[in-house]
Amino acid sequence: MTAHSIAVIAGDGIGKEVVPAAIDCLERIAELHFLDLEFTYFDWGCDYYLRHGRMMPADGLEQLARHDAIFLGAVGSPEVPDTESLWGLLIPIRREFQQYINLRPVKTLDGVRSPLASREPIDILIVRENNEGEYSEVGGRAYRGQPHETAVQETIFTRQGVSRAAHFAAALASSRRGLLTSATKSNGIIHTMPFWDEIVEETVREYPGVTLTSELVDALAAHLVLKPWTLDVIVASNLFGDILSDLGSSVTGSIGLAPSANLNPEGDFPSLFEPVHGSAPDIAGKGLANPVGQIWSGAMMLEHLGHPEAAAHLKVAFESALREGLGTRDVGGTSSTSEFTAAVLAAIDVIDEIGASTASRPAAASASL
């Protein structure tokens, strides 16, 4: 039995509902695939901040570093400034553990209606540079409260940061349809974005099977709405990737569906897996939250840990529940969080039974599952 130590931070709002739902599914998958997932729970987040004046303890990163992966729900509360909640927990984790790739799938799912008129299937991977760019810590404010009050925020691009994101994205594209789109704004941002363009182009030359297209981010946003099915892999800076992935999840039906992986590809540090959605305080505690983004993030975690079959089993299960019309309200269904979770658990068992019944059939028949 393969063992993995997972640090769990449910965080705030609906994170406290969708994380337990996803862990129920992960534990069932682990049992069927002979995995030992050892979950260690941390009560960090905005409630912790209100008690202690910080989002996690001073040695929080040291505690997390002992684990193979981190499973995060959501962070944020109306009672705590976003600058405290985000910069006190998630961003230090991403940067200390060099999780320089944020991978966000954007995909249409059967049983979920897209707001787009077209029914063309959408299957995009957005590779967001996750450690630098527009979300740097360089800058400041001066002359507070005076008429000439000034705020300065610096965008930081490094050759290493851009090239490693481009390498990751190009390798992904080469394993798919071979189409890579780079988000830029070099017509208006005259220093950093041409630098980004040059390094992406130079990097992609090493992948002869990949066709690179550079699109201005405003045009690319329109592209994501008008013809998203023509896109394959998108590589983008920290801010552009953040915005485009939220837009992408919306055109496929709901931001509640969207997963993400904050990856340290080399495996020197634990990677972190979280849904794209926020803490949604307006629906927290009402049993309305969609757990798909969290469950799908769990599947991405399984795949990262080296268990693609277990990950595929979990994905097929939640897709089956959606296909049967058992989704939550945000995707047109009537299920509560717990009801949808129960449907996924039932689908996991059904899929396992089907798999067991075909184990003695020829390999081609089994593979079709």
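Miscellaneous remarks
- Pairs, first more than 15 Å from R95 (Cα to Cα) and outside any loop (DSSP other than H, G, I, E, B) in the range 56-79, second open to solvent by 10 Å² or more (accessible area, probe 1.4 Å) and of a type in the set (K, R), C-beta under 7 Å, six or more apart: G73/K16
- Residues of the range 268-304 that are out of contact with any helix residue (DSSP H, G or I) (no Cβ under 9 Å at 6 or more places or on another chain) and over 20 Å from D47 (Cα atoms): D268 alone.
- Test result for S279, in a loop (DSSP other than H, G, I, E, B), touching a strand residue (DSSP E or B) at 6+ places or on another chain (Cβ under 7 Å) and either in contact (Cβ under 8 Å) with a residue 12 or more places away in the chain or not charged (D, E, K, R) (or both): yes
- Number of the exception - W229 against (1) among the hydrophobic types (A, V, I, L, M, F, W, C); (2) assigned to a strand (DSSP E or B); (3) surrounded by fewer than 17 Cβ atoms within 10 Å (Cβ to Cβ): (2)
- Any chance D24 is open to solvent by less than 60 Å² (accessible area, probe 1.4 Å) and in contact (Cβ under 8 Å) with a residue 12 or more places away in the chain: no
- Summed over the range 291-313, the residues that are open to solvent by less than 10 Å² (accessible area, probe 1.4 Å), outside any helix (DSSP H, G or I) and more than 16 Å from G11 (Cα to Cα) give a count of 0.
One line per residue, one yes/no per condition, for (1) open to solvent by 40 Å² or more (accessible area, probe 1.4 Å); (2) within 16 Å of the chain's Cα centre (by Cα); (3) modelled with pLDDT under 95; (4) among the polar types (S, T, N, Q):
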{"position": "F97", "(1), (2), (3), (4)": "no, no, no, no"}
{"position": "P115", "(1), (2), (3), (4)": "yes, no, yes, no"}
{"position": "N131", "(1), (2), (3), (4)": "no, yes, no, yes"}
{"position": "P147", "(1), (2), (3), (4)": "yes, no, no, no"}
{"position": "Q160", "(1), (2), (3), (4)": "yes, no, no, yes"}
{"position": "S163", "(1), (2), (3), (4)": "no, no, no, yes"}
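- The strands (runs of 3 or more DSSP E) found entirely in the range 93-184 that carry 3 or more residues being touching a strand residue (DSSP E or B) at 6+ places or on another chain (Cβ under 7 Å) and aliphatic (A, V, I, L, M) are 101-107, 123-129, 179-184.
- Per the conditions (1) free of Cβ contacts under 8 Å to residues at least 60 places away in the same chain; (2) surrounded by 23 or more Cβ atoms within 10 Å (Cβ to Cβ), the sole criterion not satisfied by E17 is (1).
- Check on L224, within 23 Å of the chain's Cα centre (by Cα), under 26 Å from W87 (Cβ atoms) and in contact (Cβ under 8 Å) with a residue 12 or more places away in the chain: no
- Subset of the range 185-226 [open to solvent by 50 Å² or more (accessible area, probe 1.4 Å), out of contact with any strand residue (DSSP E or B) (no Cβ under 8 Å at 6 or more places or on another chain) and either closer than 15 Å to F157 by Cβ or of a type in the set (S, T, N, Q) (or both)]: I189, I190, H191, F195, E198, E202
- Enumeration of residues in the range 248-282 that are more than 20 Å from A321 (Cβ to Cβ) and open to solvent by 20 Å² or more (accessible area, probe 1.4 Å): S250, P265, E266, G267, D268, F269, G278, A280, P281, D282
The values are calculated or read from the model by the stated rules, or taken from the named source; none is laboratory data. This is a predicted model, so every value here is computed, not measured. Here the Cβ is made from the backbone with ideal geometry for all residues, glycine too, and neighbour counts use every protein chain on show. We work out accessible area using only protein heavy atoms, side chains counted, and drop any ligands, DNA or RNA first. Shrake-Rupley method; radii C 1.70, N 1.55, O 1.52, S 1.80 Å.
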